[in-house]
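Just so it is clear, none of the values below were taken in a lab; they were calculated from the coordinates. A quick note: this is a predicted structure, and the numbers were derived from the prediction, not measured. Here Cβ is always computed from backbone atoms with ideal geometry, including for glycine, and neighbour counts include all displayed protein chains.
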Amino acid sequence: MPVVALAFHEHLAMEKLNDYYRSPNASTRSETRAITCKNCALSFAILLVNRDDNQNANYIDNLRNLIGADCIRGLHRDEYELNVDWAS
């Protein structure tokens, strides 16, 4: 199940993005964006593994919905991962 997108909590985003881009497995075709939780407005950094994937808009919506569904009065996990099977 290849990962198509990741989302990182705002407090860890820079560290996680730096770790990703230093990794030998990092995609040179990736792209980052920012979104907020639709319930509490907490910011997240999204990493789209392939910036040319025509499903990226759907991946962003899926992550936004996943983050919103996981929101417990502003509390969230540090990281969310979207893979091909979940995104379908």
Just give me the residues in region 40-59 being in a loop (DSSP other than H, G, I, E, B), in contact with a strand residue (DSSP E or B) (Cβ under 9 Å, 6 or more places away or on another chain) and not acidic (Asp, Glu), in sequence order.
CYS40, LEU42, VAL49, ASN50, ARG51, GLN55
Do we have any residue at all in region 47-67 that's closer than 17 Å to VAL3 by Cα and of a type in the set (Lys, Arg)?
yes
Of all residues in region 31-49 being free of Cβ contacts under 8 Å to residues at least 24 places away in the same chain and of a type in the set (A, V, I, L, M), which is nearest to ASN65 (Cα to Cα)?
ALA41
I'm trying to understand the selection: among the residues of region 32-59, which are under 13 Å from TYR80 (Cα atoms) and in contact with a Gly (Cβ under 8 Å, 6 or more places away or on another chain)?
CYS37
Quick check, is ARG51 surrounded by fewer than 17 Cβ atoms within 10 Å (Cβ to Cβ) and within 14 Å of the chain's Cα centre (by Cα)?
yes
Exactly one of these conditions fails for ASN62: (1) part of a helix (DSSP H, G or I); (2) loosely packed, with under 12 Cβ neighbours inside 10 Å. Give me its number.
(2)
Subset of region 65-83 [exposed (fewer than 12 other Cβ atoms within 10 Å of the Cβ), part of a helix (DSSP H, G or I) and over 12 Å from the mean Cα position of the chain (by Cα)]
ALA69
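Yes/no matrix, rows are residues, columns are (1) small (Gly, Ala, Ser); (2) assigned to a strand (DSSP E or B):
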site	(1), (2)
MET1	no, no
VAL4	no, yes
ALA7	yes, yes
HIS11	no, no
GLU15	no, no
ASN18	no, no
PRO24	no, no
SER27	yes, no
LYS38	no, no
